[in-house]
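This report refers to the structure that appears directly beneath it.
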Amino acid sequence: MEKRELRSGFTTGTCAAVAAKAAAVMLFTGREVQHMKLMMPKGRSADLPLFHVVLKQGEAACAVKKDAGDDPDVTHQAMVFASVQYSDEKKEGQAQGIYRRDGEEGKAPLFLTAGEGIGWVTRPGLSCPVGMPAINPVPRDMIFSGVEEARREAGFDGSLTITIWIPEGKKLAEKTFNPRLGIEGGLSILGTTGIVKPMSEEALIATIRLELHMKAVAGMKQVILVPGNYGEAFIQETLGLDLKDGVTCSNFIEKALKAAGKEGFRRILFAGHIGKLIKVAGGVPNTHSKYGDRRMEILWDCTAPFAEEKSRVKDKILTANTMEEAAGILKDHKILEPVMEEAVDRIQRYMTLWSGGAEVEVVTFSSMYGILGMSRGSVEFVRLFSGAAVREKKQEE
């Protein structure tokens with residue numbers, strides 16, 4: 001029997017942004033709407049139905065039902081609510097726990113906060129500041145942009161306050177990593193592309209192998225591997241490399257390297273966030289959380305030779321919430337650089353082994369501190385890849 005193609009869905013960030021834009025449109029027009037369109041990152045659009053519409057003096061609210069497609073997401077079918085109301089710029093500007101975005105062309109600012117079922121950040125190292133709602137940067141931008149578009153079309157210049165809530169959020173959050181991450185009271189509003197793309201492990205691995213095979217058949221002798229969206233953005237924005245040379249391998253680090261080696265790639269540049277790659281330093285072949293989370297234990301093993309106050313630093317590292325927080329601890333103790341050198345050396349050894357002896361160079365980074373570690377030959381590899389991209393571009397011209 002032919003397997004059915006898995007269906008994509010929408011992130012909580014997309015749901016919140018669509019609901020917020022719809023609420024703003026209804027606030028300005030005074031009329032209910034049944035669907036709302038929104039432009040997502042990378043130029044794709046969403047057109048989603050609305051539920052629980054409420055219109056009253058000075059405020060409008062509605063909900064979007066989260067559809068995660070065929071992805072096993074705990075938030076699937078949850079109602080994501082948004083309200084938009086006229087607000088007092090001075091009052092909101094002094095309030096706590098509210099994100100602010102300055103308006104276009106001198107318009108008053110927009111404000112964003114959270115209600116029931118949205119988590120609040122209590123520990124450093126996450127994408128949201130401590131004391132703020134767990135509404136990640138990309139969804140925040142989507143929400144603000146959608147409401148700004150509605151405000152612009154209505155010709156309104158005043159301030160608005162947007163509130164996002166998920167009634168089931170607190171209960172659903174118990175099934176996520178949020179409590180361990182220091183996000184209390186509910187779910188996070190997440191998403192980097194706006195789309196949830198479900199795939200089975202077998203399909204993902206087959207896709208990785210096929211992409212590597214196609215590049216090898218095309219005559220490529222070197223390849224870049226990245227785990228996901230963060231790595232893709234990093235090689236483009238920080239290293240200035242072309243994504244055409246890259247293959248996204250998700251959590252399948254060992255399998256991707258084995259496939260690359262089997263296809264005859266002799267030079268591999270692996271760029272990834274330290275949150276995933278620190279696991280590789282401990283020999284973990286698949287970095288998905290379902291296979292365990294020994295990040296801090298592995299990091300401490302890399303740290304021990306350099307820590308003067310061993311017990312004190314060890315306690316801090318082992319109780320750190322995220323790798324961003326742990327990097328900050330190492331930085332405070334002035335040992336971030338040597339620890340990252342040790343971690344990168346270990347990562348490189350495992351990756352070289354898994355690739356069957358290819359030349360593997362490693363670059364790891366964090367969102368907060370940028371590049372954290374580079375293997376000794378990585379600078380030359382970056383030049384090689386950059387040069388190949390330039391040559392290819394000239395040939396096309």
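So Ile195 fits all but one of (1) modelled with pLDDT of 85 or more; (2) under 29 Å from Gly103 (Cα atoms); what number is the exception?
Checking Ile195 against (1) modelled with pLDDT of 85 or more; (2) under 29 Å from Gly103 (Cα atoms), the one that fails is (1).
Test each condition in (1) within 17 Å of Ala19 (Cα to Cα); (2) touching a helix residue (DSSP H, G or I) at 6+ places or on another chain (Cβ under 6 Å); (3) not in a helix (DSSP H, G or I) for Pro167 and report the one that comes out false.
Condition not satisfied by Pro167: (2).
Restricted to segment 23-58, and to residues that are of a type in the set (Val, Ile, Thr) and either in a helix (DSSP H, G or I) or in contact with a His (Cβ under 9 Å, 6 or more places away or on another chain) (or both), which residue is surrounded by the fewest Cβ atoms within 10 Å (Cβ to Cβ)?
Selected residue: Thr29.
For the subset of segment 271-297 comprising residues that are within 30 Å of Val382 (Cβ to Cβ) and free of Cβ contacts under 8 Å to residues at least 40 places away in the same chain, which member is most open to solvent (accessible area, probe 1.4 Å)?
Ranking the candidates gives Arg294 first.
Would you pick out the residues in segment 199-238 that are within 22 Å of Val382 (Cα to Cα), of a type in the set (Ser, Thr, Tyr) and not in a loop (DSSP other than H, G, I, E, B)?
Tyr230
Is there a residue being modelled with pLDDT of 95 or more, over 15 Å from Ile274 (Cβ atoms) and open to solvent by less than 30 Å² (accessible area, probe 1.4 Å) anywhere in segment 337-355?
Within segment 337-355, one or more residues are modelled with pLDDT of 95 or more, over 15 Å from Ile274 (Cβ atoms) and open to solvent by less than 30 Å² (accessible area, probe 1.4 Å).
Name every residue in segment 73-96 that is open to solvent by less than 50 Å² (accessible area, probe 1.4 Å), part of a loop (DSSP other than H, G, I, E, B) and under 22 Å from Phe177 (Cα atoms), in order of residue number.
Listed by number, the residues that qualify are Asp73, Thr75, Ala78.
Starting from residues that are of a type in the set (A, V, I, L, M, F, W, C) and over 26 Å from the mean Cα position of the chain (by Cα), keep the ones in segment 303-336 and report whichever is surrounded by the fewest Cβ atoms within 10 Å (Cβ to Cβ).
In this case the residue turns out to be Ala304.
Just checking, how many residues over segment 59-72 are of a type in the set (Lys, Arg) and surrounded by fewer than 22 Cβ atoms within 10 Å (Cβ to Cβ)?
1
Looking at this structure, is Phe177 touching a residue at least 40 places away in the same chain (Cβ under 8 Å), under 20 Å from the mean Cα position of the chain (by Cα) and open to solvent by 20 Å² or more (accessible area, probe 1.4 Å)?
Criteria met by Phe177.
Looking at segment 255-274 only, could you name the residues that are assigned to a helix (DSSP H, G or I) and either of a type in the set (A, V, I, L, M) or in contact with a strand residue (DSSP E or B) (Cβ under 7 Å, 6 or more places away or on another chain) (or both)?
Ala256, Leu257, Ala259, Ala260, Ile274
What about Leu239, is it open to solvent by 10 Å² or more (accessible area, probe 1.4 Å) and closer than 20 Å to Ile347 by Cα?
The answer is yes for Leu239.
Do you know which residues across segment 308-335 are β-branched (Val, Ile, Thr) and modelled with pLDDT of 95 or more?
Val313, Ile317, Ile329, Ile335
Give segment 202-233 a look and list any residue that's modelled with pLDDT under 80 and more than 20 Å from the chain's Cα centre (by Cα), or say none.
Selection gives Glu202, Ala203.
Mind listing whichever residues of segment 55-82 are in contact (Cβ under 8 Å) with a residue 24 or more places away in the chain and within 17 Å of Thr161 (Cα to Cα)?
Across segment 55-82, the qualifying residues are Leu55, Gly58, Glu59, Ala60, Ala61, Cys62, Ala63, Val80, Phe81, Ala82.
Anything in segment 298-313 that is under 14 Å from Leu336 (Cα atoms) and in a helix (DSSP H, G or I)? List them, or say none.
Leu299, Trp300, Asp301, Cys302, Thr303, Ala304, Pro305, Phe306, Val313
The values are calculated or read from the model by the stated rules, or taken from the named source; none is laboratory data. The model shown is predicted, which means the values in this text are computed figures rather than measured ones. We place every Cβ from the backbone using ideal geometry, glycine too, and count neighbours over all the protein chains shown. Accessible surface areas use protein heavy atoms only, side chains included; no ligands, DNA or RNA. Shrake-Rupley method; radii C 1.70, N 1.55, O 1.52, S 1.80 Å.
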